[in-house]
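Single-structure report; data block below.
The values are calculated or read from the model by the stated rules, or taken from the named source; none is laboratory data. These numbers come from a predicted model, not from an experiment. Every residue, glycine as well, gets a Cβ built from its backbone with ideal geometry; the counts of neighbours run over all protein chains shown. When the accessible area is computed, the model is the full protein with side chains, heavy atoms only, and any ligands, DNA or RNA have been set aside. Shrake-Rupley method; radii C 1.70, N 1.55, O 1.52, S 1.80 Å.
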Amino acid sequence: MKQTVVPSQYLQIALDIARRIAKGDLPEGQRVYGRSVMASEYNVSPETIRRALRLLSDMKVVEVKPQSGVVVLSADSARRYIENFEESADVRALRQQLKELMAEYADLSRRLSDTVAALMKSRETFAAADEPFPNYEVPIPKDSPLIGRSIGELKFWQSTGGTIVAIRRGQTVILSPGPYAQLYGGDVIVLVGSPAAAEAAHRLVTEKEVP
């Protein structure tokens, strides 16, 4: 289910005040209402108003004077704050989209690995098949550029067309490694796919530079 990233209340209030200043509703030099009044206006706590005004003060939009209230400093600074906020909102939206795509990729990778693992364990399935389901072993050289990188980061399936069903690391075998599993020198990748996929995997682990 797609989620919308909503900024914190104090950020939304700071943005609204900045917009009012930028439009001239709160002109430069004017004293802004007290925190209690603004808290009632926005239906939030005075602490939330304090955080919003402190943020605008840090950006030189307003000046917070102890025991004297808050005074509007600059409409230009308010406009710059609005521009920066909108850019940050775009970044937050992209990060959320990336998070959702990574979750979808992880789920797809898990389902692929589970299906392949089930096929490998089923002798009857292999015996009934007209051709054996090929799997290949690809050792990771000690100086491979893949060392320390994850399967998901390398986009292994997209790059080779093969699916990693296991990683043999010394005496340990990691079955159905997820996209966050990292590769190390001396590992042996067990993959399922075509001969071309195995060849592409060999090239990937020995190339000097990996995107």
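Structure data summary
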{"read-out": "Qualifying positions in region 154-182 - loosely packed, with under 14 Cβ neighbours inside 10 Å and in a helix (DSSP H, G or I)", "value": "GLN158"}
{"read-out": "Total residues in region 183-206, condition open to solvent by less than 80 Å² (accessible area, probe 1.4 Å) and either over 13 Å from TYR136 (Cα atoms) or in contact with a Gly (Cβ under 8 Å, 6 or more places away or on another chain) (or both)", "value": "15"}
{"read-out": "Residue in region 152-175 that is touching a Lys or Arg at 6+ places or on another chain (Cβ under 9 Å) and modelled with pLDDT under 85 present", "value": "no"}
{"read-out": "Residue match in region 121-140 (condition: at pLDDT 85 or above, farther than 30 Å from ARG20 by Cβ and open to solvent by less than 40 Å² (accessible area, probe 1.4 Å))", "value": "yes"}
